Amino acid sequence: MYTKLALLIDGEWIEETRAGSEVVLNPATEQPLGTLPHAGKPELDRAIAAASRAFEGWKRTSPFERGQILRRAADLMRERLDRIATVLTLEEGKTLAEAKGEITAAAEFFDWFAEEGRRSYGRVIPARMSDMRQTVTQEPVGPVACFTPWNFPAVTPARKIAPALAAGCTCIIKPAEETPGTTLEMARALADAGLPKGVLNVVFGVPADVSEYLIRSPVIRKISFTGSTPVGRHLARLAGETLTLATLELGGHAPVIVAKDADVQRAAELSMAIKLRNSGQVCTSPTRFFVERPIYEEYLEHARAFVDKQVVGDGLRSATTVGPVANTRRVAAMDNLIADALSCQARLIAGGERLNAPGLMYGPTILADIPDHAKAMTDEPFGPLALVQPVDDTEQALARANALPYGLAGYAFTRSAATANRIAEEMEVGVIGINQMVVTIPETPFGGIGDSGWGREGGIEGLESYTVRKYVGHLHS
Ligand code: NAD
């Protein structure tokens, strides 16, 4: 049911190297799925050389032709939906329904950028002299290196590979070693769709070694990283030394403001459903809930009722609504944050511990009345943990929402247009959902401010970030 693990370098699938390997585990059973080869220096050098050579041909391939390959790959991903989704669930843990949704979304990123590449417009700037022509064009930035985490092994790589390839860049991607199979399946779809060899290379290894080696290479002109803020800072420092462009999509700690005029039941159920997506291991996961006092207890009651109905288990089982957490680091982090919160007098509304069941199953947890000084209020839980506080009004809710250095996603529920507008203007985040919680689709820009990172992915901005502008001043003499 799982997939053959390999490196993909210059069109060749490499199943064994001298650099060693690691075992990939299924978080629902903690059993091995396969053995992943690592790339050492020789493999990375080959990948760099392949990306450099392939760039010469790929940048000259028309955006129309590039788009056709990307669209074919998207179609193949949809044809292979059940298979790729099974690989995703096996290695990451999320439910099969979520995995299918993710593969479909990843295919949509390829669709969007296949078309957007054809609209990589330039402009003509009126000149001061009649025989002068001043034009601006967009050119691919060059070979790029991408580093992606384990929580969305289809969508996060797609958000980087699709715009890079559409813009005419070649790419070396290092997906997370914990979830390699899904990205490899996408790479297979691209290869089967006719992507020339060397345009996309997939490597695995020791993350810090691979990323540093690639960033220091003069061939690599841009990096795009999704992951934690400390690793993002480290990569930004390395990229600063070589003046390599960087897009960084880092952690978050998303606030949710629930105003007293909101539809309380809907707000509670929707926000808990989105909280539990991928067991809360999502950078945009709603985490700090600021609920106005008149509806506070009612909100908690609906939230508890919703959470009590969830079935935590193996994502491959049809009854499961919440899968395991992806690795033991998340179990330890949850245990630690919950113990600390309870010692600070937080009120346990639901969950609170790892379940006595096979696999890394954690009970969806709601903590009410949690004080600001509890660790969970500042450290990203990245797990199924909702933190709820009462607030007096929008003003206080906004002050609390904006209290952290993170600024990725935020949410609000209100029936008042004035309150919605105020929150939209004053919440310090990159993306906001009001009365709904979908904030990342291919056609809209996604990214954070402050400690949540640099740059935008998706939308027209997503393509632009893989291009550089060239100005030509041409005197016809
Ligand atoms: P981590 O910081 O060790 O790793 C996060 C990801 O970055 C992993 O995929 C890892 O392989 C990769 N990575 C680590 N060091 C790297 C390096 N030097 N160069 C390149 N890649 C590197 O954390 P973790 O334990 O895997 O996850 C926990 C934390 O990471 C979470 O609390 C969350 O803040 C963050 N995270 C964020 C996202 C996101 O979507 N923004 C995704 C996954 C994890």
query: Which value, in debye to the nearest 20, gives the size of the charge dipole of the range 254-442 about its Cα centre, when Lys and Arg are +1 and Asp and Glu are -1 at the Cβ?
result: 600 debye
- prompt: Looking at Ala305, Pro255, Ala368, which one has the Cα that reaches farthest to the positive end of the dipole of the range 254-442 (charges on Cβ: Lys, Arg +1; Asp, Glu -1)?
  reply: Ala305
- request: Quick one: what are the phi-derived ³J(HN,Hα) couplings along the range 332-344, Karplus 6.51/-1.76/1.60 with θ = phi - 60°, whole Hz, x for glycine and proline?
  value: 4, 5, 4, 3, 5, 5, 5, 4, 5, 5, 5, 6, 9
Order of His302, His474 under a 10 Å beta carbon neighbour criterion, fewest first: His474, His302
- line: Which residues qualify? For Glu353, with a placed amide H closer than 5 Å and at least 5 residues away or on another chain, they are Gly363
task: Post the alpha-carbon centroid distance, the range 28-104 to the range 123-161, in whole angstrom.
output: 21 Å
- prompt: Between the range 405-420 and the range 164-213, what's the alpha-carbon centroid distance in Å?
  reply: 36 Å
message: What is the angle, in °, between the Cα long axis of helix 81-92 and the longest principal axis of the Cα atoms in the chain? Nearest 10 is fine, range 0 to 90.
response: 60 degrees
- line: Under the Karplus relation with 6.51, -1.76 and 1.60 and θ = phi - 60°, whole-Hz ³J(HN,Hα) for the range 121-129, x at Gly and Pro, equal 6, x, 8, 10, 9, x, 8, 7, 10
task: Before rounding to the nearest 500, sum -39500 (n - 2.57) across all DSSP H runs of length at least 4 in the chain and divide by the residue total; then give [θ] at 222 nm in deg cm²/dmol.
output: -12000 deg cm²/dmol
query: Just how large is the dipole of the chain about the Cα centre, in debye to the nearest 20, putting +1 at every Lys and Arg Cβ and -1 at every Asp and Glu Cβ?
result: 1380 debye
statement: Rounded to the nearest Å, the spacing of the alpha-carbon centers of the range 299-344 and the range 256-286 is 14 Å
statement: For Ile257, the residues 5 or more places away or on another chain with a placed amide H closer than 5 Å to its own amide H are Phe290, Tyr411, Ala412, Phe413
query: Under 5 Å between amide H atoms, partner at least 5 residues away or on a different chain: which partners does Ile172 have, H built in plane at 1.01 Å?
result: Val144, Ala145, Cys146, Asn201
- line: Neighbour-count ranking for Phe147, Phe64, Phe113, Phe306 (other C-beta within 10 angstrom, fewest to most) reads Phe64, Phe306, Phe147, Phe113
message: Taking the 0 to 90 degree range and rounding to the nearest ten, how far is the long axis of helix 180-192 tilted relative to the main principal axis of the chain, both from C-alpha atoms?
response: 40 degrees
- request: Enumerate the calculated ³J(HN,Hα) couplings along the range 242-254 in order (Karplus 6.51 cos²θ - 1.76 cosθ + 1.60, θ = phi - 60°), each rounded to whole Hz, writing x wherever the residue is Gly or Pro.
  value: 9, 6, 8, 4, 9, 10, 10, 10, 10, x, x, 7, 5
Point-charge dipole on Cβ atoms (K/R +1, D/E -1) for the range 62-109, about Cα centre, debye to 20: 160 debye
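Just so you know, all these numbers are worked out from the coordinates, no wet-lab data involved. Computed from a predicted structure; not experimentally measured. Quick reminder, even Gly has a Cβ in these numbers, built from the backbone with ideal geometry, and neighbours come from all protein chains shown.
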